[in-house]
Amino acid sequence: MPELPEVEVTRLSFADRIAGAEIVDVRLGKPLRWPLNCQANSLVGRRVVAVRRRGKYLLLDMSLGILLVHLGMSGSLSFVNQAREATTHDHFDLKTTQGLLRLNDPRRFGAVVYVDSEADPLAQKLLGHLGMEPLSESFDAKLFHRGLRQRSAAIKQVLLAGDVVVGVGNIYASEVLFLSGIRPSTPACKLSRPRAGRLHQAIREVLARAVQQGGSTLQNFSNALGETGHFQTEAMVYARAGQACKVCGTSIRTLRQGQRSTFFCATCQKP
Ligand SMILES: [Zn+2]
């Protein structure tokens, strides 16, 4: 499943090339998770001004309105000058004067949704609950600590919920908690300011590095060329149950939190 780093890598790969392009045609394939929310041909003639990201949504700002794109479980975007014929799993084409933006999504949990603005109730429903952006300047350590203090759930669960900070998926959560020496079951509200500060730093570093490395660092992910990620060699704790901690040699333990596996070192990570 594409996580925040993969979505950001996708954005970086076409944002500059599509900026300023005029939409000349729109083609819809099979239904995606949500309907487009406008007549497809009403987009023709509008310009794509910029591509932003909020959480795992890409926001294509147009001269009028915004297209929200979500990759779901299996979606990927391509932006090419020379279009091939659409294949079975190509379910959205945005043909522009600067190239063709195409969503390929075999499982169709992805979506492309039109909204007039971010104030649109539908945009609010999709984006309104999202927490701070981990890679933006607004992700402030003090605000992060304040957000955690209001939550009594286990820190791992609070990270996954995404309403304090977005983008820390299951794999990244185990890794950043290891790097900051925090036991995953620790109640979020019990973290001291310095410990929350270390976690804040780890989240920034891990996600930024994942983007830098093409989104593959901690994802069992293969790109369009079929190249797999470097996850197996890079993970400190994730999927390493029973193996020796790379720092202290203690056997890595696992526990279930909200149906998801968590991995941790009981020596390096304190409650
Ligand atoms: Zn250890």
Where PHE263 falls short, out of the listed (1) surrounded by fewer than 20 Cβ atoms within 10 Å (Cβ to Cβ); (2) modelled with pLDDT of 95 or more; (3) more than 9 Å from the ligand (Cβ to nearest atom): (1)
For ARG195, all conditions in the list (1) under 17 Å from HIS145 (Cβ atoms); (2) touching a residue at least 60 places away in the same chain (Cβ under 8 Å); (3) surrounded by 17 or more Cβ atoms within 10 Å (Cβ to Cβ) hold save one; what is the number of the exception? (2)
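Taking the stretch 13-27, which residues are part of a helix (DSSP H, G or I), touching a residue at least 60 places away in the same chain (Cβ under 8 Å) and not charged (D, E, K, R)?
SER13, PHE14, ILE18, listed by residue number.
When residues of the stretch 87-135 are filtered for being hydroxyl-bearing (Ser, Thr, Tyr) and closer than 14 Å to LEU77 by Cβ, how many remain? Break it down into steps so the answer makes sense when it comes.
Just the residues of the stretch 87-135 that are hydroxyl-bearing (Ser, Thr, Tyr), to begin with: 87-88, 96-97, 114, 117.
The next check asks that each one be closer than 14 Å to LEU77 by Cβ; those that pass are 96.
Residues in the stretch 87-135 being hydroxyl-bearing (Ser, Thr, Tyr) and closer than 14 Å to LEU77 by Cβ: 1 in total.
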Condition (residue is touching a residue at least 40 places away in the same chain (Cβ under 8 Å), on the phi < 0 side of the Ramachandran plot and outside any loop (DSSP other than H, G, I, E, B)) applied to the stretch 28-38: is it met by at least one residue? yes
Of the residues that make up the stretch 132-141, is at least one touching a residue at least 40 places away in the same chain (Cβ under 8 Å) and over 18 Å from GLY167 (Cα atoms)? no
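Residues to consider are ARG47, ARG53; find the one that is modelled with pLDDT of 95 or more and either of a type in the set (S, T, N, Q) or surrounded by 18 or more Cβ atoms within 10 Å (Cβ to Cβ) (or both).
Details: ARG47 fails: either of a type in the set (S, T, N, Q) or surrounded by 18 or more Cβ atoms within 10 Å (Cβ to Cβ) (or both).
Testing whether each residue is modelled with pLDDT of 95 or more and either of a type in the set (S, T, N, Q) or surrounded by 18 or more Cβ atoms within 10 Å (Cβ to Cβ) (or both) leaves just ARG53.
The values are calculated or read from the model by the stated rules, or taken from the named source; none is laboratory data. The model shown is predicted, which means the values in this text are computed figures rather than measured ones. Here Cβ is always computed from backbone atoms with ideal geometry, including for glycine, and neighbour counts include all displayed protein chains.
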